[in-house]
Amino acid sequence: MAEKIKITINDKEVEAVKDSTLLQAVRAAGEKVPTLCHHKDLAPDGNCRLCICEIEEAQGHKRIVTSCNYPVREPIKVWTHSEKVVKHRKLLAEMYLSRWPSARPVKAVAKTCGVTETRFRGDHTDDKEEACILCGRCVRACEEFVIEDIVNFAGRSMHRQVTMPFGEVDPHCIGCSSCAYVCPTGAIKIVDDLNHPADAVKIRNAGMKINAEMARLDPLQNRMRQVGTGNIVDVMDQYDILPVMNYKFGSHPEAKKIYCDVFRNNYWTQNQCDGCWLGCSMACAKATEPFELKTGPYKGQKVIVDGPEYETIAGAANMGCFDPEFAIEYNFYCDTYGIDTISFSTCTAFVMEAFEAGQITTEHTGGLELKFGHTAAALELLHQMAKGEGFGVDVGQGIRWLKKKWVAEYGADERFLQDIGMEVKGLEVSEYVTKESLAQQGGYSMAVKGPQHDESWLIFMDMVNNQIPTFEDKAEALYYFPLWRTWFGLFGLCKIIWNDVVPADNYREKDANKVPGHVRSYFRYVEGMLGIDDMSEEKMLEQSARVYNLQRIICRLLGYGHRKDDYPPYRMMGPVTAEEYESRQDRYDKQLKELVKVDPTAKSSAEKVKILRQYREDQYEQMMDVVYKRKGWTRGGIPTLARLKELGIDLPELVEIVRPYQE
Amino acid sequence: MITVNSKELPWLPGMTVADVLKAMNYSYALIAVSVNDQFIARDDYDTFVVEDEADVKALHICHGG
Ligand code: SF4
Ligand code: SF4
Ligand code: SF4
Ligand code: FES
């Protein structure tokens, strides 16, 4: 909440935001004050003293303060150009000019103080145009943007200089170029001879916006630097979309035990274990170290664990295991064995539900009590998978395979397994509950690579914001976002900095969900890399659509690219069981009344499950038609010849594949 | 009665933007709020009073994923 305070500046009364700096207040009032060490994206430092003003505090006490770091807290009187101030500033300007007579910012600032000549002469004059004027901006940028201490001051008085430790190139410098960006004189230069971008400065200027946002906004937004994607666990639990017990529920009272700050306060010890992009100031990757393993071949050993991140922690909830150390342990062994944590947790959650429902028993699991929350049994299953022993051999084949075997050999209920087996196209679903977001059901199920959210994540837009109510709206989102996200892949760029921190003024943009400011930065980056200057949304969509449609054709070649392959299991769409229905009865009853126009009173839960299901499945069918059309596909889900032609990819070998399926 | 993201919410006299977010259980960090198409700065959530019949949008920008 912004409290306002009345202050007078040069005898004019104005309002200032409490705790803003005096410099901000003065500038907001339209007055000019010279600065040298100040930079809008950095914390104020007060070292050049050029921004001084004279103030009178409530007690009538007058003094000179540096305005860039003086917080406005009481109704003061301010003079930006009192006699004293002007005299001081002139003196300072002369001193700076004597030491750095050719540095452009010094000359400019001296001029605004009315100084062009200096009376002082010293032995330490550095008259290079690109002299370091010791403003310290680079030191602060390194500290604030990337939490590093690579460049710093060394030496005293006249020998003071900015350098890296021991005057050598520090291998810990991530090359983010933040220091060069804020340097007012050009004393620090980017020498990029690693991959020869066409225009390194263009890239730097685009990238630097993110660095500043990470320093200023991230702590107030998603805290990616502190907790990485782990922050999503808390959000999903609070919005009822955290997968709990094979996606039956979207939240759980015990989920607090695996909230991100539990990991932050007790387990995570370092950033950047992934060794992601050099120079990434977000550094969202987290690692746990040391962690003593409790099971498996490395039991008792202390290890470094790369994670856990959101999907892995949410996967633990999906298995009903609200134990942070379990999440870390299964994370470690999945990584060590080369098993994907999402596939493991989703598959094991399915096995657990089937076990609890009596579809399989200890007879089939080799004695493993695979109930929700049984961490020891889950870990034993994981070790068996890796060793190729026991029940682990079967589970390692994935949900699709298990369903077939259990129906054929154990007489399990085919329809039930189909409903609760969270896979599409044979791939296990990633860790979000999509029951209340029709668009995301499509986002998962129509994704060419299978149900991962790499193509689109529309749950908030759809379910919380109600921004895409019609089938056409949903289709537009399912057209744009998969193409935009495919584009990251084309250029090998990380997606996280697109929308895990957003510009302060993003909310003013028309399509705020697209985070247009960041889309523009990505375009500038690619332009700077390639030496082009015409990246646009249209061009991006076209580049992506070529690859995306090619992927869909490959999908067809692999036997998955038809309409029949794009259906979700019902658990993804709504409550399968009466237990599930009853757990959110108010919500579903309301929908029956308002959307389906059916009176839920006096109906059994089983009946209501059935009616809701008919409605939701019908909605999905209708949406599919509109989405396929928007993507330029036939009703059967195959790219049309016209679309291939339009994209310039109507190559004979591709046409041959899709031609038989044109309607 | 006011609408929040097209859903109805009972109106209470003196209700602020912060109260509306709380009533909706909107705890997310990346929310942009508008009341009758006027954007409300985060700093004003505690003081901006929402009138009856207002159309409130609390836009959640997705992340993660
Ligand atoms: S390039 Fe980045 S990490 Fe290296 S010294 Fe400059 S600010 Fe620090
Ligand atoms: S190198 Fe540049 S930014 Fe760093 S202290 Fe010197 S002039 Fe300032
Ligand atoms: S934001 Fe992207 S590049 Fe940076 S650490 Fe995270 S995943 Fe790696
Ligand atoms: S700008 Fe305030 S001390 Fe340098």
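The values are calculated or read from the model by the stated rules, or taken from the named source; none is laboratory data. None of the values given here were measured: they were computed from a predicted structure. Using ideal geometry, Cβ is built from the backbone for each residue, glycine included, and neighbour counts are taken over all protein chains shown.
Brief remarks follow.
- Residue within region A:423-439 that is of a type outside the set (Gly, Ala, Ser), more than 14 Å from chain B (Cβ to nearest Cβ) and in a loop (DSSP other than H, G, I, E, B) present: yes
- Of the residues making up region A:297-306, one or more are in contact with a helix residue (DSSP H, G or I) (Cβ under 8 Å, 6 or more places away or on another chain), more than 14 Å from chain B (Cβ to nearest Cβ) and within 16 Å of ligand 3 (Cβ to nearest atom).
- Scope region A:171-185; condition within 15 Å of ligand 2 (Cβ to nearest atom) and more than 22 Å from A:Tyr525 (Cβ to Cβ); matching residues: A:Pro184, A:Thr185
- Residue check, A:Arg204 within 16 Å of ligand 1 (Cβ to nearest atom) and not assigned by TED's automatic domain parsing to the domain that holds A:Val502: yes
- Restricted to helices (runs of 4 or more DSSP H) entirely inside region A:487-599, no element has at least 3 residues that are within 16 Å of ligand 2 (Cβ to nearest atom) and within 30 Å of A:Val244 (Cα to Cα).
- Cross-chain or 6+ apart pairs with Cβ under 7 Å, region A:337-363 first and of a type in the set (Asp, Glu), then assigned to a helix (DSSP H, G or I): A:Asp340/A:Cys334; A:Glu353/A:Ile420
- Every residue from region B:22-39 that is of a type in the set (S, T, N, Q) and either facing chain A (nearest Cβ under 8 Å) or at negative phi (or both): B:Asn25, B:Ser27, B:Ser34, B:Gln38
- Close pairs (6 angstrom Cβ cut-off, 6 or more residues apart or separate chains): near ligand 4 (Cβ under 8 Å from one of its atoms) in region A:20-38, of a type in the set (D, E, K, R) anywhere: A:Cys37/A:Asp45
- Yes/no for B:Ala18 being more than 7 Å from chain A (Cβ to nearest Cβ) and out of contact with any strand residue (DSSP E or B) (no Cβ under 6 Å at 6 or more places or on another chain): yes
- Residues that are hydroxyl-bearing (Ser, Thr, Tyr), surrounded by 13 or more Cβ atoms within 10 Å (Cβ to Cβ) and away from ligand 3 (no atom under 16 Å from the Cβ), drawn from region A:146-193: A:Thr163, A:Tyr181, A:Thr185
- Taken over region A:507-562, the criterion of being touching a residue at least 24 places away in the same chain (Cβ under 8 Å), within 14 Å of chain B (Cβ to nearest Cβ) and basic (Lys, Arg) is satisfied by A:Lys514 alone.
- For the residues A:Asn222, A:Asn246, A:Asn211, A:Asn265, the requirement of being in a helix (DSSP H, G or I) and touching a residue at least 40 places away in the same chain (Cβ under 8 Å) singles out A:Asn211.
- The single residue among A:Cys113, A:Cys68 that is away from chain B (no Cβ under 14 Å), among the hydrophobic types (A, V, I, L, M, F, W, C), more than 45 Å from the chain's Cα centre (by Cα) and away from ligand 1 (no atom under 16 Å from the Cβ) turns out to be A:Cys113.
- Annotation note: of A:Ser281, A:Ser343, the sole residue that is assigned to a loop (DSSP other than H, G, I, E, B) and in the same structural domain as A:Gln238 (by TED's automatic domain parsing) is A:Ser281.
- Members of region A:1-40 that are closer than 21 Å to A:Ala103 by Cβ and of a type outside the set (S, T, N, Q): A:Lys32, A:Val33, A:Pro34, A:Leu36, A:Cys37, A:His38, A:His39, A:Lys40
- Tally of residues being crowded, with 19+ Cβ neighbours inside 10 Å and in contact (Cβ under 8 Å) with a residue 24 or more places away in the chain across region B:33-53: 2
- So A:Ala447, is it crowded, with 22+ Cβ neighbours inside 10 Å and in contact (Cβ under 8 Å) with a residue 12 or more places away in the chain: yes
- Here A:Met224 meets each of (1) more than 12 Å from chain B (Cβ to nearest Cβ); (2) under 30 Å from A:Asn506 (Cα atoms) with one exception, condition (1).
- Taken together, A:Arg119, A:Arg63, A:Arg89 contain a single residue that is of a type in the set (Lys, Arg), loosely packed, with under 13 Cβ neighbours inside 10 Å and within 16 Å of ligand 4 (Cβ to nearest atom), which is A:Arg63.
- One residue stands out in region A:21-58 among those that are acidic (Asp, Glu) and over 19 Å from A:Thr112 (Cβ atoms): the one that is nearest to the chain's Cα centre (by Cα), namely A:Asp41.
- Sole residue being surrounded by 23 or more Cβ atoms within 10 Å (Cβ to Cβ), within 28 Å of A:Ala386 (Cα to Cα) and in contact with a strand residue (DSSP E or B) (Cβ under 8 Å, 6 or more places away or on another chain), chosen from A:Gly228, A:Gly320: A:Gly320
- Residue check, A:Trp484 surrounded by fewer than 22 Cβ atoms within 10 Å (Cβ to Cβ), hydrophobic (A, V, I, L, M, F, W, C) and facing chain B (nearest Cβ under 10 Å): no
- Residue within region A:307-314 that is farther than 25 Å from A:Leu458 by Cα and touching a residue at least 60 places away in the same chain (Cβ under 8 Å) present: no
- Being closer than 29 Å to A:Ser102 by Cβ and away from ligand 1 (no atom under 15 Å from the Cβ) is a property that A:Asp199 has.
- Checklist (1) facing chain A (nearest Cβ under 10 Å); (2) buried (at least 17 other Cβ atoms within 10 Å of the Cβ); (3) assigned to a strand (DSSP E or B) applied to B:Val56, failing item: (1)
- In region A:425-444, the residue that is surrounded by the most Cβ atoms within 10 Å (Cβ to Cβ) out of those that are under 20 Å from A:Leu558 (Cα atoms) and in contact with a Gly (Cβ under 6 Å, 6 or more places away or on another chain) is A:Leu427.
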